[in-house]
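Following: one structure in structure tokens, then a few remarks.
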């Protein structure tokens, strides 16, 4: 009977909570994107322990769901969770339950908080109840504490309730709560086609020297993608230009096939000569709207790091 009463309260407050949480969610995922971008890597930006980092090796998508809790009494915190945006072909690697703390100058209190273990209860309906102890996955002495809920939450549920009982320290230190979902979605990043003709913003100069990398700045606003890509608006994609000399040196990272083409060309054979192409690329993290949801996605092969002859 107590649970039914709690559920009614949640349903009445759900619309207000969702509107308030949307603003917080947008701000939080932008902050997360900036932190990853500043550190230069997911590992350093997320500040999770080694156990969690192993799960993040192959991810390309990050979602953040801001959670608002309802306090029925001083012993009970209730979070309403909706995970209905997960795609069928999406592989969930990690679901992080992150509790951010209020600023506190007392380091001893922070250390004690990071040793706290929770007893959580997941409810999907009146008849489904699961009680468990989640594993702590955040690095110690951070501004937050994180728990791994990957194997406990229903991944395609429209509504489930997370309950924390008898944790008075949370009411004293907690500032905000969120779920961060790390996943891998198969397929490459495809930009939607544009019906408008695009003017070239970069004049390509004739290059007569050897194969090398040159700057190529791409502005998403010029490609009409600026309305749904939040960050970065502009980035250096890079371009490979130049000649592949004969005979071909190992300095140009050639494949055995390219070396063979170079030798044949040097002997006067009219076969095609090796071309200057990217041989090493690095990913680009994009913060953008995907199906009206603000997400962080890492897209492989977006920026030229080194050029060679192939």
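Within the range 54-63, identify whether any single residue is assigned to a helix (DSSP H, G or I), buried (at least 17 other Cβ atoms within 10 Å of the Cβ) and either within 18 Å of the chain's Cα centre (by Cα) or at positive phi (or both), and answer yes or no.
Within the range 54-63 (the criterion being assigned to a helix (DSSP H, G or I), buried (at least 17 other Cβ atoms within 10 Å of the Cβ) and either within 18 Å of the chain's Cα centre (by Cα) or at positive phi (or both)), the answer is yes, since at least one residue qualifies.
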Legend entry - Checking residue 48 against (1) modelled with pLDDT under 65; (2) more than 17 Å from residue 158 (Cα to Cα); (3) touching a strand residue (DSSP E or B) at 6+ places or on another chain (Cβ under 8 Å), the condition it does not meet: (1)
Legend entry - Test set (1) modelled with pLDDT of 80 or more; (2) in contact with a strand residue (DSSP E or B) (Cβ under 9 Å, 6 or more places away or on another chain) - residue 2 fails condition number: (1)
Inset, instruction - State whether one or more residues within the range 246-264 are under 30 Å from residue 30 (Cβ atoms) and modelled with pLDDT of 90 or more. - result: no
Inset, instruction - For the range 225-235, enumerate the residues that are surrounded by 14 or more Cβ atoms within 10 Å (Cβ to Cβ) and either over 23 Å from the mean Cα position of the chain (by Cα) or not in a loop (DSSP other than H, G, I, E, B) (or both). - result: 229, 230, 231, 235
Inset, instruction - Being assigned by TED's automatic domain parsing to the domain that holds residue 146, at pLDDT 85 or above, out of contact with any helix residue (DSSP H, G or I) (no Cβ under 9 Å at 6 or more places or on another chain) and assigned to a loop (DSSP other than H, G, I, E, B) narrows it down to one of 89, 105, so name that one. - result: 89
Inset, instruction - Taking the residues in the range 252-289 that are farther than 20 Å from residue 240 by Cβ and in contact (Cβ under 8 Å) with a residue 40 or more places away in the chain as candidates, determine which candidate is surrounded by the fewest Cβ atoms within 10 Å (Cβ to Cβ). - result: 289
Inset, instruction - Would you tally the residues in the range 295-310 being under 9 Å from residue 253 (Cα atoms) and in a strand (DSSP E or B)? - result: 3
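The values are calculated or read from the model by the stated rules, or taken from the named source; none is laboratory data. It should be emphasised that the depicted structure is a prediction, and the values quoted were computed from it without experimental measurement. Reconstructed Cβ throughout: ideal geometry from the backbone, glycine too, with neighbour counts over all protein chains shown.
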